[in-house]
């Protein structure tokens, strides 16, 4: 029996939840998400409606599972959460499953996500950078810092996969 949605009663009880999509052919988690209602089932429906040029790695995997005669596994990892809590759990699971097809990393993963202990020490004990001349700092693929002071660590947050980010020197920049 294919599951396509939760009843309104179940959806209400779930509140915000974090889920994993599982490939039944090998047991591998291939997607992590957060949602409310029947969001967990929307991906399979999306694959059925997707055109060839709209196929992502996630939708391709769902299609392969369906073509092989199986159904995607839907696992609710945590439920009954606020949206903020769901963002944190989702980010932690995305970090924990390196094979996921998620296009985006979890919220806060660049700042508070998976990091080697040495990088955390470097980040929080970073010496303040002082410049004798005016300097232009450019941050690529990162959101604008909202606090007055921020920390930048060389390879962390770059385009290299999060799991392989090299240790690097960090500096603390203070806005005057």
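Determine, yes or no, whether residue 40 is in contact (Cβ under 8 Å) with a residue 40 or more places away in the chain, under 21 Å from residue 95 (Cα atoms) and buried (at least 20 other Cβ atoms within 10 Å of the Cβ).
So residue 40 does not fit the description; no.
On the basis of being at pLDDT 85 or above, within 30 Å of residue 29 (Cβ to Cβ) and within 25 Å of the chain's Cα centre (by Cα), does residue 99 make the cut?
Working: at pLDDT 85 or above: yes; within 30 Å of residue 29 (Cβ to Cβ): yes; within 25 Å of the chain's Cα centre (by Cα): yes.
So residue 99 passes the test.
Pairs please, first residue from the range 9-29 and part of a helix (DSSP H, G or I), second anywhere and exposed (fewer than 13 other Cβ atoms within 10 Å of the Cβ), Cβ atoms under 7 Å, 6+ apart in sequence or on different chains.
Once the first residue is part of a helix (DSSP H, G or I) and sits in the range 9-29, its partners that are exposed (fewer than 13 other Cβ atoms within 10 Å of the Cβ) give 14/80.
Return the only residue of 42, 91 being under 20 Å from the mean Cα position of the chain (by Cα), more than 25 Å from residue 24 (Cβ to Cβ), assigned to a helix (DSSP H, G or I) and assigned by TED's automatic domain parsing to the domain that holds residue 21.
The unique qualifying residue is 91.
Restricting attention to the range 103-126, report how many residues are over 30 Å from residue 61 (Cα atoms), at pLDDT 85 or above and in a loop (DSSP other than H, G, I, E, B).
2
The values are calculated or read from the model by the stated rules, or taken from the named source; none is laboratory data. The structure presented is a predicted model; accordingly, all values stated were derived computationally and were not measured. Note: ideal-geometry Cβ built from the backbone for every residue, glycine included; neighbour counts use all protein chains shown.
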